[in-house]
Each structure stands twice: as C-alpha cells, then as structure tokens.
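The values are calculated or read from the model by the stated rules, or taken from the named source; none is laboratory data. The model shown is predicted, which means the values in this text are computed figures rather than measured ones. For neighbour counting, all protein chains shown are included, and Cβ atoms are generated from backbone atoms with ideal geometry for every residue, glycine included. Please note that ligands, DNA and RNA were not included when accessible areas were found on the heavy atoms of the full protein model with its side chains. Shrake-Rupley method; radii C 1.70, N 1.55, O 1.52, S 1.80 Å.
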Amino acid sequence: MEKRIFGFDIIRSLAILLVMTGHVLGYIYEGEYSFFISFFSGLFGVELFFVLSGVLIGKLLIEVFETNNIRQNVKNFIIRRWLRTLPLYFIMLFVYWFGNKYFDSVKNADVALWKYFLFIQNFFHVQPTFFGVSWSLSIEEWFYILFPFTLFLIKKIKQNLSTKRIFAVGVFIFLLGFLLMRMIAFSHYNFNFYEGVRKVAFLRLDAIAVGILMSVAFYFYEKKVLLSRCILLGLGIVLIMINQYIIIRNHYSNLYYFNTFYYSVLGLGLAFVFPVFKEIKCSNRLFLNIFTFISKISYSLYLQHWLVFKLLELNYFSFIPGTVKFILFFLLSFITATISYVCIEKPIMNYRNRVYGKHK
C-alpha cells in the first residue's frame, strides 16, 4: 500500500486551493486590495508546490546516490518523473491549443508550440499568456535534469565525497548561484511587479532546491529536525512575515528586492514549516479522505482549472453572477480533475510502477 504523509497532503491541498482561489477571487471580491490578495494567494500556492516537490524528490535522489549504479538509477529517476508529469501535460497542451485556436477571445497567434514541447517557453523570458499555468512545469522539468546532472558532476570530480556532502554542495550551488543570476539579470530585464522574475525558469531553479535542503535535513538529521520543529515553524513564520513587510512597506515599489532576495527568503520560510506538517497525524477518516483526495488530483487540478476559468470567461456565460461562477469554477474543476486522474494519471502511474518499480 502506498505510504502517504498526511501533513504533506495538507500542504499540497492548501497549495492548489491557494492557486485556484487566486485566479477567481475577483468573482466574489473586488475591493481595493483584491489584486494583491489574488496575486499572493497564487504566488504562495506555487511556491509551496516547489518546496514540496524538492522535499519529496530529494529523498528519492539521495537514495539514488547511495547506490552503486548511480548512472542507471538517475536515468530511472528522470524517466519516472517524466511518466508522472509529461503525459497529462501534453494532453492539456493540445486541449489548450484547440481552445485557443477556436474559442479564446484573446488569440495568441504567435504561439511557438515547439517551445512548449521542450519546456523553453519561459526559459529566459516571461512566457506568452497561452497555457499560462505551464510556466511552473518548465521550472520543474528543467530541475529534474539539471540538479541530478550537477550532483553527478560533483560526484565525478570528488569521488570520495559522501552523499551528504554532494547534496550540500549541489544545494549551495543552486541557492547561491540562481540568487546571483537574479541580481545580475535585474538590470537587464524590464521587470514589473506582476511579470517579474518569478516566471522565468532559468532564474528560479533554486525554488525546488530549497525543498531539497529540507529533504537532506530530514534524511540525515531527522531526529534533531523533528525535535526542533516548533522552533523552525516559528522561524519560518517570522521570515515570511518580515519578507512580506519589506515589500509592503514600500507599497510594492521595491522591485529589486522582490525580484531577487524575496523568493530565496520565502522558500526558506516555507521550508521551515515542513517539519511540523511531517508529524501531523489524522485519525478522522473524513478529513483524511478529503485531503488525500485533493492531494491526489492536485496535478490535474493545476493544469485544468485555468481552462475552466477561461471557459467561464467566454461571452456565452457573461450573464452568470460572479458568486455562481466562483462555485461553478470549483465544481467543474474538481469534476474534470477527478476524471483526468482516474482515466489518465492513475493508469500511467500504474504502468510506471510495473515497469520501473515503486518507490517505498
């Protein structure tokens, strides 16, 4: 039976609900701060996904580098990740292309579809509005390749280095390296508050590395980390609050901080809350089933909810009140995501586990 960590299911559920709410909050609230509430709701949701991804794949990669056949096991790791993420991504890419071509009121005639197949639609620049949610998938897919490759190079250069130190060096390279690249890139990009560095893949690969850092801590120092989980939670909350205060106090005008240090601090702050969630248990079957269900369909929800939103934005449905649209959005998103998970994701994962084995 698949072993799940309930606290991580809560995090994944919270992340997808924040992303979805951020996109449709305008249906029920149009106050003075609606844009910023929507923006940061989606931002926190995606950053949670990034850190969680790092925490989960970090353990798998550590186990890979603890084996004797690293090359083959890294290859299997990447193939397993591709089988988890690519099939539904490519199906939804076609669906978005079809909808954009025949239904979308805002045409993206200049869409270079081949870039989406190679995940370079936002590698060095902000991607077009077409298939908008795919920007984060580009970051994920490139990380799956570049981070193991970096670890492999470190292993080749220093063959006697322990796995713990290999990961420490790799994480340090990513955390410091991509922060420095953001600092250098800021003067060369015309970033604004909304379309800033956040969605440029080559400048954001450290977002997942933060989760790897926490995964390394769990793997090698689990007892100490869990004993300190309340202190880490407090530290994480303080970091997040200070981080938000720095940009709010200047009325969101400090674009340099927001496009450089902000994401590094936010990632660390979010990572520090994970030890508390790792220890959360649930004996209530209802809550357990709800969070497990949302967590399982979260990938389908992420890829499909924007399509539902675009559907409800068509002129055909302009007569529907905002509150009703808000409810319909969640209802239709959950229905389509459930069908997608059962009919596409689950069969492919079963195939993957049969052919490439199932991680413990």
Just the residues that are closer than 27 Å to Gly26 by Cβ and hydroxyl-bearing (Ser, Thr, Tyr), please, taken from the range 309-360. Tyr316, Ser318, Thr323, Ser333, Thr336, Thr338, Ser340
Does Lys310 fit the bill of being more than 21 Å from the chain's Cα centre (by Cα) and open to solvent by less than 30 Å² (accessible area, probe 1.4 Å)? no
Looking at the range 195-206 only, could you name the residues that are open to solvent by less than 10 Å² (accessible area, probe 1.4 Å), in a helix (DSSP H, G or I) and either closer than 13 Å to Glu141 by Cα or of a type outside the set (A, V, I, L, M, F, W, C) (or both)? Ala201, Asp206
Note on the range 278-289: residues out of contact with any Leu (no Cβ under 9 Å at 6 or more places or on another chain) and in contact (Cβ under 8 Å) with a residue 40 or more places away in the chain are Ile280, Lys281, Leu288
Any residue that is open to solvent by less than 50 Å² (accessible area, probe 1.4 Å), farther than 21 Å from Phe174 by Cβ and hydrophobic (A, V, I, L, M, F, W, C) - is there at least one of those in the range 31-40? yes
From the list Phe193, Phe218, exactly one residue is within 26 Å of Ser162 (Cα to Cα) and in contact (Cβ under 8 Å) with a residue 40 or more places away in the chain. Which is it? Phe218
Where Leu176 falls short, out of the listed (1) surrounded by 14 or more Cβ atoms within 10 Å (Cβ to Cβ); (2) in a helix (DSSP H, G or I): (1)
Please verify whether Asn122 is of a type in the set (S, T, N, Q), out of contact with any strand residue (DSSP E or B) (no Cβ under 7 Å at 6 or more places or on another chain) and open to solvent by 10 Å² or more (accessible area, probe 1.4 Å), treating the condition exactly as stated. no
Test result for Phe90, surrounded by fewer than 20 Cβ atoms within 10 Å (Cβ to Cβ) and touching a residue at least 12 places away in the same chain (Cβ under 8 Å): yes
